[in-house]
Amino acid sequence: MRCNYACGSHDSLSRRSFLGGTAAGALSMLGFQGMTQAAAAKQLAAQQKQVVVFWLSGGVSQLETWDPKPGAETGGPFLSIPTSAPGVHISELLPYTAQQMHHLALVRGINTKENDHGKGAYIMQTGRKEQPGFAFPYLGSTFSHHLAPPNSPLPGYISVGAGGSSAESTFLGPRHAPLVLSGGRAPNNLGRHDALSEERDLLRRKLRSQVSQRFEQKRKTAHTEVYNESFDQAAALMSRSDIFDFSKFSDKDLERYGKHDFGRHCLMARQLVEKGVTFVKVGHTNYDTHSENFNFHIEQLGEFDRPFATFISDLYDRGLLEHTLIICMCEFGRTPRINSRIGRDHWGSAWSIALGGAGIKGGAVSGKTNETGTKVIDREVNGGHLFHTYYQAVGLDSTEEFYPNGQPIAKADPKTEPIKEILA
């Protein structure tokens with residue numbers, strides 16, 4: 001049986017139905033056309049970049065993944081193994097991922113100074129600590145805003161098995177909120193009803209548009225704009241419902257990825273990337289191992305390892321990895337100290353993430369912890385450093401600013417800088 005969360009502080013993200021909210025996150029995307037972004041941020045002309053985040057909710061242990069300490073009193077029972085990147089070792093619980101390390105880089109010196117689930121998740125997904133009265137946009141909404149062309153029917157940000165909320169896009173607007181595939185299923189009502197002809201549907205939309213325009217002449221508000229935009233995005237998305245047809249995976253692919261939810265979600269993410277979706281977030285949950293940490297990681301990483309590695313390998317084989325940034329992260333790590341329940345607790349002081357693909361130097365390692373993993377002793381970084389790195393990896397200037405309501409807001413913490421040693 002899977003263990004339950006040992007602490008009750010997880011805030012589950014609200015799931016929205018397609019037309020009840022997620023449609024507002026639908027429109028801003030395109031396929032691999034090499035087209036340029038012609039929207040808000042200055043001079044974004046480059047090959048289209050895409051981003052996939054693997055969110056290991058609850059906080060995976062760095063000691064059982066990216067920064068093992070075999071033989072140390074805090075190290076636990078697992079060994080480290082060599083990888084395809086010379087000199088880089090990771091936990092023996094990730095043998096398939098080890099074969100893909102030449103595509104990945106490790107950041108082992110993270111210190112966010114935050115052990116709360118919600119606050120840690122906010123830092124890792126916005127690059128900042130929470131501030132009263134102001135909300136920064138989440139990573140998915142940010143990249144949807146910067147990398148997605150404005151007139152595509154494809155969603156800019158899709159969440160698969162990871163939840164999501166309209167609040168993530170904040171001042172960037174509903175266009176860049178996540179479209180949540182609840183339960184890993186395609187949104188409902190994408191097809192035109194059989195009783196409605198295409199001609200009649202077009203007439204109906206035209207009438208609605210005329211009535212709406214007349215209404216807006218006298219009563220235009222932010223709410224009416226959001227409603228109309230949501231309707232138009234949903235209608236446009238119906239023309240690209242093929243991206244949500246997940247029924248054609250081969251038996252071989254299903255076997256390679258695993259016949260479980262996470263394997264299926266990784267396959268879905270591969271298809272979404274192939275179809276041109278700019279940002280995809282894939283969730284793998286329940287890493288909050290306050291008890292039975294080692295047995296749990298055997299099970300959970302056994303499920304994670306092969307699909308994650310296969311996803312990276314498939315993107316490389318298809319020529320997609322060079323312009324797709326991969327980020328594998330969570331809200332914090334786990335304590336080096338093993339508690340009385342054979343568990344590890346919350347630990348934001350010295351932990352790790354992995355990333356690779358577009359703009360990342362495969363096989364690179366930044367940061368170092370001491371021999372017991374209790375402290376960063378070289379190249380300490382926080383969420384701000386990570387966000388600068390993500391921006392620059394996909395060719396964006398991380399020193400530029402947003403201008404909500406005409407006020408300048410730095411895209412990434414100006415007191416930090418990119419982790420240059422892992423950038424290609």
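The values are calculated or read from the model by the stated rules, or taken from the named source; none is laboratory data. None of the values given here were measured: they were computed from a predicted structure. Please note: Cβ atoms are built from the backbone with ideal geometry, for glycine as well, and neighbour counts cover all protein chains shown. Areas reflect the complete protein model, heavy atoms only, side chains present, ligands, DNA and RNA absent. Shrake-Rupley method; radii C 1.70, N 1.55, O 1.52, S 1.80 Å.
If only Cα atoms are counted, what is the Rg of the range 316-416, and what is its Dmax, in Å?
16.9, 53
Using Cα pairs under 8 angstrom and six or more residues apart, how large is the relative contact order of the range 278-424, in percent?
Details: 192 pairs, mean separation 29.2, N = 147.
For the range 278-424, the relative contact order is 20 percent.
Hand me the trypsin sites (Lys or Arg not before Pro) from the range 335-424 located in a DSSP loop with no more than 10 other Cβ atoms within 10 Å, in residue order please. Walk me through the intermediate numbers first.
Values: sites: ARG337, ARG341, ARG344, LYS361, LYS368, LYS375, ARG379, LYS411, LYS415, LYS420; in loops: ARG337, ARG341, ARG344, LYS361, LYS375, ARG379, LYS411, LYS415.
Filter output for the range 335-424: LYS415.
Which links in LYS119/LYS375; LYS113/LYS281; LYS49/LYS411; LYS49/LYS368; LYS248/LYS361 stretch past 27 Å when you go from one Cα to the other? Could the numbers behind the result be given before it?
Details: LYS119/LYS375 21 Å; LYS113/LYS281 25 Å; LYS49/LYS411 18 Å; LYS49/LYS368 30 Å; LYS248/LYS361 34 Å.
In this structure, LYS49/LYS368; LYS248/LYS361 exceed 27 Å between Cα atoms.
Counting other C-beta atoms within 10 Å, and keeping those with at most 11, which DSSP coil GluC sites (Glu not before Pro) do you find in the range 60-158?
Numbers: sites: GLU64, GLU73, GLU92, GLU114, GLU130; in loops: GLU73, GLU92, GLU114, GLU130.
Qualifying residues, ordered by number: GLU73.
Quick one: net charge of GLY127's neighbours, Cβ under 9 Å, K/R +1, D/E -1? Kindly include the intermediate steps, with their values, before the conclusion.
Details: positive: ARG128, LYS411; negative: ASP413.
Once positives and negatives cancel, what remains is +1.
How big is the C-alpha Rg of the range 51-165 next to the rule-of-thumb value 2.2 N^0.38 Å, as a ratio?
Numbers: Rg = 17.6 Å, N = 115, 2.2 N^0.38 = 13.4 Å.
For the range 51-165, the normalised Cα radius of gyration comes out at 1.32.
For an R0 of 35 angstrom, estimate the FRET efficiency from the Cβ-Cβ distance between GLN210 and ARG185 and round to the nearest 0.05.
Values: r = 35 Å, r/R0 = 0.99.
Efficiency computed from Cβ-Cβ geometry: 0.50.
Hey, quick one: spin label on GLU303, modelled 7 Å out along Cα-Cβ, who in the range 105-128 has an amide N within reach, i.e. under 17 Å?
none
Between GLU421 and LYS259, what FRET efficiency comes out of the Förster formula 1/(1 + (r/R0)^6) with R0 = 41 Å and r the beta carbon distance, rounded to 0.05? Please report the intermediate quantities before stating the final value.
On the way: r = 39 Å, r/R0 = 0.96.
Between LYS259 and GLU421 the formula returns 0.55.
Got the relative contact order for the range 272-356 handy, in percent, Cα pairs under 8 Å and 6 or more residues apart? Please report the intermediate quantities before stating the final value.
Details: 70 pairs, mean separation 28.5, N = 85.
Dividing the mean separation by the residue count of the range 272-356 yields 34 percent.
Could you tell me which residue out of PRO418, ILE360, THR372 lies farthest along the dipole of the range 360-419 toward its positive end? Charges go on the beta carbon: Lys and Arg +1, Asp and Glu -1, centred on the Cα centre.
Most positive-ward Cα: THR372.
Which residues among the range 52-77 fall inside the zone where the amide N is under 16 Å from a point 7 Å beyond the Cα of ASN370, along Cα→Cβ?
69, 72-75
Can you give the convex hull volume per residue for the Cα atoms of the range 136-210, as a whole number of Å³?
Working: hull volume 8.9 nm³, N = 75.
Expressed per residue, the convex hull around the Cα atoms of the range 136-210 is 119 Å³.
Just reorder ARG318, ARG208, ARG270, ARG200 by solvent-accessible area, largest first, 1.4 Å probe, all chains present.
Largest accessible area first, the list is ARG200, ARG318, ARG208, ARG270.
Could you please report the charge total around GLN62, scoring K, R as +1 and D, E as -1 over all other residues with beta-carbon less than 9 angstrom from its beta-carbon?
Working: positive: ARG108, ARG334; negative: GLU64, ASP67.
Spelling it out: positives minus negatives among the neighbours equals 0.
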